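Written out below as structure tokens is the structure these notes cover.
Read-outs throughout are calculated quantities, based only on the coordinates presented, and are distinct from any laboratory measurement. Worth saying up front: this structure is predicted, and the values here are computed from it rather than measured. Neighbour counts run over all protein chains shown; Cβ positions are idealised from the backbone, glycine included.
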Amino acid sequence: MLRERHGIVLRWVDPDAFGNLDPTAFADAITPRTRLVAVTHMSNVFGVLTPLEAIVRLAHEKGVPVLADGTQAVVHHAIDVSALDVDFYALTGHKLYGPTGIGALYAKPGWLERMPPMLGGGEMVATFGRDHVEYAAAPHKFEAGTPPILEAIGLVAALDYVEGVGRTTIATHEAALGRHARARFAAIPNITVFGDAEKPGPILTFASAGAHANDIAAILDAKGICVRAGAHCTQPLHQMLGFSSTCRASFAMYSTLDEVDALADAVEEALAILK
């Protein structure tokens, strides 16, 4: 959108075939005109964590701030923005088992002070008159008008619940599910599983050259199994993978090994129907 509106130039850094990002590739892509490095903390296709701390360090050495999209990572891993030294960190509520329509943006205090508000409304001004305005201090200057009160209460409750279970407990459980899923899918003919097998996580993305992802998903849906089919908002990445669409199964802290087995069995049955 910034490219369309303001003519900015985007420089892309591609992952390897397993979804891993090389921090030095980011450093090589930075030029004297670079104003921001934007990177995902966890791929929503590969399920691989980005070496964010190294990317931030290299970007900062060249005087460039970093914005990390933590939407996929924050529910599966403990995040310490101070240790990461990241300038901006964004997340959404619904992937934290919270309500839709709410998210959060962390920014270092210096950036919060420098950034102008993007919307106008109640609570975001300290004083104003006919010919002047003084904005409230952050974060209030970014929260114009009536906030999503119910959504905020729901998000806090979801965060409390996740913290109560424990991020380490969640990550350990989901890694076990990921390992089991990859072992099961490795035995299914004509299925390609994406991502790094050495870094099993909560996401299993797969495709078959002999069946469209939408057809596989429809058959799974009839069996009570929900996967997402499509390009997952990553069309350029899917062009690299050689598939127009894939299926993505997302495991959570409440998923079980039996459910992973049910998924694998259903995929085998779907391929038998679609061959």
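So what is the relative contact order for segment 167-274, in percent, with contacts set as C-alpha pairs under 8 Å and at least six apart? About 31 percent, as a whole number. Note on the chain: semi-axes of the ellipsoid equivalent to its C-alpha gyration tensor, largest first and rounded to whole Å, are 38, 23, 18.
Neighbour counts of other C-beta atoms within 10 Å: give me 258, 28 arranged from fewest to most. Each step should come with its number before you reach the end.
Working: 258 8, 28 12.
Ranking 258, 28 by Cβ neighbours within 10 Å, fewest first, gives 258, 28.
For segment 167-274, the equivalent ellipsoid derived from the Cα gyration tensor has semi-axes of 21, 17, 12 Å, listed largest first. Helix 52-61 sits at what angle to the longest principal axis of the chain, using alpha carbons and giving 0 to 90 degrees rounded to 10? With rounding to tens, the tilt is 40 degrees.
Mind sorting 62, 95, 108 by how few other Cβ atoms lie within 10 Å of their own Cβ, fewest first? Kindly include the intermediate steps, with their values, before the conclusion.
Working: 62 13, 95 20, 108 16.
The most exposed by this proxy come first: 62, 108, 95.
This ranking places 43, 208, 245 by how few other beta-carbon atoms lie within 10 Å of each, fewest first, which gives 245, 208, 43. Axis of helix 257-274 versus longest Cα principal axis of the chain: the two differ by about 70°, to the nearest ten degrees.
Under the combined filter of DSSP loop state and at most 12 neighbouring Cβ atoms within 10 Å, segment 1-83 retains these chymotrypsin sites (Phe, Trp or Tyr not before Pro): 12.
Among beta bridges from DSSP that stay inside the chain, the antiparallel ones total about 75%. For the chain, modelled as a GNM whose springs connect Cα atoms under 10 angstrom apart, the maximal fluctuation among 41, 140, 76 occurs at 140.
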